[in-house]
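First the structure, then my questions, so here it is.
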Amino acid sequence: MTTPTLLILPGDGIGPEVMAEVRRVITWFGDKRGLKFDVSEDLVGGAAYDVHGTPLTDATMAKAQEADAVLLGAVGGPKYDTLDFSVKPERGLLRLRKEMDLYANLRPAQCFDALADFSSLKRDVVAGLDIMIIRELTSGIYFGEPRGIFMEGNERVGINTQRYTTSEIERVARSAFELAKKRNNKVCSMEKANVMESGVLWREVVTKVHAEEFPEVELSHMYADAGAMQLCRWPKQFDVIVTDNLFGDLLSDAAAMLTGSLGMLPSASLGAPGANGLPKALYEPVHGSAPDIAGQGKANPIACILSFAMALRYSFDQGAEADRLEAAIEKVLADGARTADLIGEEGIAPISTTEMGDVVLAALDASL
Ligand code: NAD
């Protein structure tokens, strides 16, 4: 077998700091578990703009298309706020998502027991929570035409169009069913079929894909507004939720906050399988470049490390090793390791980004 390739794009702000800890974890898996990766690193966002005058060069884009998986830190920062829209750091990330056609955005909401008191909900509602929201990422109302602000008579009118084709719904539904098979075998599809034709089609197509290709997976449907209520009332009823771009944007952010800190949240964006049979894949923490703490050794590297765990599971078929890494993180948190963002009222001393990396590596050693 050829060595799998991993392109690392640390980006801006705390991106390089948290990615440095991920690189130590990647090295650990190579040394101790024989899981070798052909790792290369490149620039994205403001870091790329500073050197090349563009947030993503064509050469880096080509490398991302070739790589078995891409791992990104974060982009952006105040230094770049006044740049023209076309060269803003975020354009680099958007170009990656668009050209790799990453249509399924996976946002886990997982609550580590040790952090259950961080949630705004009661401990028993969130402790042990482990759900996955799949948001359709490349279509829907954020892309539909016509869009714009027009004149209608003597009044201005703002227009966006919700539009989904059958094939766009089919492919994200398949991603959800495939994923559920690796988890607890349940999918809940959310739309607003009661008031939107795009929702009626969404429900029909998901039902058909289920009946024809995945009858062994349990499928339910829910209106997205009811889904929002259920996520707050009893989130543990869900396993995989699949929904469109707009509802997914809202529901995944709400679900994420059930679990506490931004510094804990990984994500994956997957596309169609390439010639190597693997889906195109970009893994990144949900958080941004956190300019307020950049360069101070305060950033929590766990979201980025958990993003690598997702890469192990979804790109490299190493579910048991992903479990090992997640268990190591569970252990360090249970043992009381806390970066500054994870400290509430307790008044305990925070550890640094590198120290969090140290204890995760020690917990990995202890897992052998
Ligand atoms: P942010 O996620 O960078 O920070 C929000 C708050 O959370 C800050 O107080 C920050 O210190 C804290 N935080 C975030 N990640 C943390 C971590 N790992 N450890 C500890 N604390 C953490 O969001 P923002 O402040 O709105 O945006 C800052 C910059 O990042 C902007 O330029 C924005 O455009 C960009 N951004 C990029 C992405 C991305 O690269 N995917 C996502 C969101 C924002």
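Have a look at 293, 302 and point out the one that is near the ligand (Cβ under 6 Å from one of its atoms) and over 20 Å from residue 317 (Cα atoms).
293
Right, here's the next one. For the stretch 316-368, name all the residues that are more than 17 Å from residue 25 (Cβ to Cβ) and part of a helix (DSSP H, G or I).
Across the stretch 316-368, the qualifying residues are 334, 340, 341, 342.
Of the residues 6, 43, 56, 106, only one is touching a residue at least 12 places away in the same chain (Cβ under 8 Å), within 16 Å of residue 286 (Cβ to Cβ) and either in contact with a Leu (Cβ under 8 Å, 6 or more places away or on another chain) or surrounded by 21 or more Cβ atoms within 10 Å (Cβ to Cβ) (or both); which?
106
Determine, yes or no, whether residue 245 is under 20 Å from residue 71 (Cβ atoms) and of a type in the set (S, T, N, Q).
Considered against the rule, which asks whether it is under 20 Å from residue 71 (Cβ atoms) and of a type in the set (S, T, N, Q), residue 245 comes out as no.
May I pose another question? Going by what's in this entry, would residue 307 be described as of a type in the set (Ser, Thr, Tyr), within 12 Å of the ligand (Cβ to nearest atom) and part of a loop (DSSP other than H, G, I, E, B)?
No; evaluated as a whole, the condition is false for this residue.
Something else: For residues in the stretch 235-274 being of a type in the set (D, E, K, R) and within 16 Å of the ligand (Cβ to nearest atom), which is surrounded by the fewest Cβ atoms within 10 Å (Cβ to Cβ)?
Of everything passing the filter in the stretch 235-274, 253 is surrounded by the fewest Cβ atoms within 10 Å (Cβ to Cβ).
It is to be established whether one or more residues within the stretch 61-81 are in contact with a Cys (Cβ under 7 Å, 6 or more places away or on another chain), buried (at least 21 other Cβ atoms within 10 Å of the Cβ) and under 25 Å from residue 249 (Cα atoms).
Of the residues in the stretch 61-81, the ones in contact with a Cys (Cβ under 7 Å, 6 or more places away or on another chain) are 73.
If we keep only those that are buried (at least 21 other Cβ atoms within 10 Å of the Cβ) too, we end up with 73.
Next, only the ones that are under 25 Å from residue 249 (Cα atoms) stay: 73.
Yes, there is a match, as at least one residue in the stretch 61-81 is in contact with a Cys (Cβ under 7 Å, 6 or more places away or on another chain), buried (at least 21 other Cβ atoms within 10 Å of the Cβ) and under 25 Å from residue 249 (Cα atoms).
Condition first: of a type outside the set (D, E, K, R) and away from the ligand (no atom under 16 Å from the Cβ). Can you find one or more residues in the stretch 72-81 that meet it? Let's see the steps before the verdict.
Of the stretch 72-81, the ones of a type outside the set (D, E, K, R) are 72-78, 80.
From what is left, the residues that are away from the ligand (no atom under 16 Å from the Cβ) are none.
No: the stretch 72-81 contains no residue that is of a type outside the set (D, E, K, R) and away from the ligand (no atom under 16 Å from the Cβ).
Please state which one of 30, 76, 92 is over 26 Å from residue 326 (Cα atoms) and in contact with a Phe, Trp or Tyr (Cβ under 9 Å, 6 or more places away or on another chain). Full working, then the answer.
On the way: 30 fails: over 26 Å from residue 326 (Cα atoms); 76 fails: in contact with a Phe, Trp or Tyr (Cβ under 9 Å, 6 or more places away or on another chain).
The conditions single out 92.
Every number here is computed from the coordinates shown, using simple stated rules; none is lab data. Quick caveat, the model's predicted, so the values are computed rather than measured. Positions of Cβ are backbone-derived with ideal geometry, glycine not excepted, and every protein chain shown enters the neighbour counts.
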